[in-house]
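A short write-up of the structure that comes next.
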Amino acid sequence: MDIPPTGRLAPSPTGAQHVGNARTFLIAWLAVRQAGGQVLLRIEDIDSPRVKPDAAQQAIEDLRWLGLDWDEAPVVQTNRLALYENALARLREAELVYPCTCTRSDVERAASAPHAEHAGPAYPRTCVARRSADAANLDGKVFSWRFRLPVTIPEFDDRFLGKTTVDLHRDEGDFVVWKSAHAPAYQLAVVVDDALGGVTEVVRGDDLVPSTPRQLLLYDALGWTPPRFAHVPLVVGPDGRRLAKRHGDTRLATLRRQGLKAESLLGLLAWSCGWIARMRPVAACELIPLFRWETIPHHPLVLTPELLDSALRLQV
Ligand SMILES: [Zn+2]
């Protein structure tokens, strides 16, 4: 018999949760609940300069409003620095990371290869010859820790996308696992949290596909079993770009104030995933038996004002 999965919802309080986040959270929650598994909630608040006050509480209220629940007290990343430091120490001892004193403009100047607009240039390995003990002899310079990429980057079998490869040597190169003195990078914190939480199933937006091979390298380096990954399409505006302010206010808190009922939004989302044939109000728990991976379209959901309006008009 299969062991029930453990999944997680991981809102980032760097901004308000919007319709796109809601769709991904719904898919993540249903996948685990249908299989009789546990759901964890984690507040990803280590990106401190961008974290907005009250956004964590707001995210929790948004999830509750949607009818999504979780089984343990929320994990808050800023309370877990010691765990991340411990993982970094293990990577240092194994000489899998090295201290890098390059600034962003150093990297841009030194990188000659053309690079994807979103990713920035691949790190040119200026500091790769350093040993981890060299961190003590950097004359007080600010430094980050970078993970030394192996020649072969792991391929992974995405539950939604199938076999997936990312050329990390072109896309960032040796990646940052620790940003500065007390600032773990997202990649390391997420791996520590998921591994220690016993997470077996990660469902998230497909903008995070390039993170997955990095995280798989960290799982391997730290001797942990990785979860299964599923990356689902994002919600975009009519211009095909990722949902943002320019597409109007699609924040859940705002829509709620405008009178949108959670069941109406869930109706729109469930219809967009092919779980119900026509848009109608539906509760999150009613969707548990209806959830299917196979019916979720492989293209982004285009959220037009008309579509949002039709949800607003649904009678609950
Ligand atoms: Zn460097």
Residue 90, sole failed condition from (1) of a type in the set (Lys, Arg); (2) in contact (Cβ under 8 Å) with a residue 60 or more places away in the chain; (3) within 16 Å of the ligand (Cβ to nearest atom): (3)
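From the list 190, 166, 176, exactly one residue is touching a helix residue (DSSP H, G or I) at 6+ places or on another chain (Cβ under 6 Å), closer than 25 Å to residue 12 by Cβ and at pLDDT 95 or above. Which is it?
Working: 190 fails: touching a helix residue (DSSP H, G or I) at 6+ places or on another chain (Cβ under 6 Å); 176 fails: touching a helix residue (DSSP H, G or I) at 6+ places or on another chain (Cβ under 6 Å).
Matching residue, one of 190, 166, 176: 166.
Would you mind listing the strands (runs of 3 or more DSSP E) fully within the range 156-209 where at least 3 residues are out of contact with any Leu (no Cβ under 7 Å at 6 or more places or on another chain) and closer than 23 Å to residue 24 by Cβ? Reasoning before the result, please.
On the way: elements: 156-158, 162-164, 176-180, 201-205.
Because the criterion is at least 3 residues that are out of contact with any Leu (no Cβ under 7 Å at 6 or more places or on another chain) and closer than 23 Å to residue 24 by Cβ, the strands (runs of 3 or more DSSP E) in the range 156-209 that meet it are 162-164, 201-205.
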Condition met for residue 179 (in contact with a strand residue (DSSP E or B) (Cβ under 7 Å, 6 or more places away or on another chain), assigned by TED's automatic domain parsing to the domain that holds residue 107, within 20 Å of residue 77 (Cα to Cα) and open to solvent by 30 Å² or more (accessible area, probe 1.4 Å)): yes
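To keep it simple, each residue is scored yes or no on (1) without any contact (Cβ under 8 Å) to a residue 40 or more places away in the chain; (2) more than 15 Å from the chain's Cα centre (by Cα).
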{"position": "15", "(1), (2)": "no, no"}
{"position": "26", "(1), (2)": "no, no"}
{"position": "30", "(1), (2)": "no, yes"}
{"position": "37", "(1), (2)": "no, yes"}
{"position": "40", "(1), (2)": "no, no"}
{"position": "43", "(1), (2)": "yes, no"}
{"position": "46", "(1), (2)": "no, no"}
{"position": "56", "(1), (2)": "no, yes"}
{"position": "64", "(1), (2)": "yes, yes"}
Out of 42, 23, 33, 64, sole residue that is open to solvent by less than 20 Å² (accessible area, probe 1.4 Å), part of a helix (DSSP H, G or I) and of a type in the set (Lys, Arg): 23
Leading residue by the ranking (nearest to residue 220 (Cα to Cα)) among those in the range 123-154 that are within 12 Å of the ligand (Cβ to nearest atom), assigned to a loop (DSSP other than H, G, I, E, B) and of a type in the set (A, V, I, L, M, F, W, C): 128
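Please tell me if residue 50 is more than 16 Å from the ligand (Cβ to nearest atom), loosely packed, with under 14 Cβ neighbours inside 10 Å and within 20 Å of the chain's Cα centre (by Cα).
Values: more than 16 Å from the ligand (Cβ to nearest atom): yes; loosely packed, with under 14 Cβ neighbours inside 10 Å: yes; within 20 Å of the chain's Cα centre (by Cα): yes.
Taking the combined requirement at face value, the residue satisfies it.
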Meets criteria (within 19 Å of the chain's Cα centre (by Cα) and charged (D, E, K, R)) for residue 251: yes
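Being in a helix (DSSP H, G or I) and open to solvent by 20 Å² or more (accessible area, probe 1.4 Å) is the filter here, so list the residues in the range 218-233 that pass it.
Kept after step one, since they are in a helix (DSSP H, G or I), are these residues of the range 218-233: 218-222.
Within the range 218-233, 220, 221 meet the criteria.
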Every pair of residues 6+ apart whose Cβ atoms lie under 6 Å, when the first sits in the range 226-251 and is modelled with pLDDT under 90 while the second is in a strand (DSSP E or B): 242/236; 243/18; 243/235
Test: residue in the range 79-100 that is modelled with pLDDT of 95 or more, in the same structural domain as residue 136 (by TED's automatic domain parsing), assigned to a loop (DSSP other than H, G, I, E, B) and not charged (D, E, K, R): yes
Within the range 246-275, tally of residues that are more than 17 Å from residue 302 (Cβ to Cβ), of a type in the set (D, E, K, R) and not in a loop (DSSP other than H, G, I, E, B): 4
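For residue 101, indicate whether it is more than 16 Å from the ligand (Cβ to nearest atom) and either open to solvent by 20 Å² or more (accessible area, probe 1.4 Å) or out of contact with any Pro (no Cβ under 7 Å at 6 or more places or on another chain) (or both). Spell out the reasoning first.
Numbers: more than 16 Å from the ligand (Cβ to nearest atom): no; either open to solvent by 20 Å² or more (accessible area, probe 1.4 Å) or out of contact with any Pro (no Cβ under 7 Å at 6 or more places or on another chain) (or both): yes.
Answer is no for this residue.
The values are calculated or read from the model by the stated rules, or taken from the named source; none is laboratory data. Here the structure is a predicted model, which is why all the values come from computation and not from measurement. When we count neighbours, we look across all protein chains shown, and the Cβ atoms used for this are built from the backbone with ideal geometry, even at glycine. Accessible surface is based on the protein model in full, side chains and every heavy atom, while ligands, DNA and RNA are left aside. Shrake-Rupley method; radii C 1.70, N 1.55, O 1.52, S 1.80 Å.
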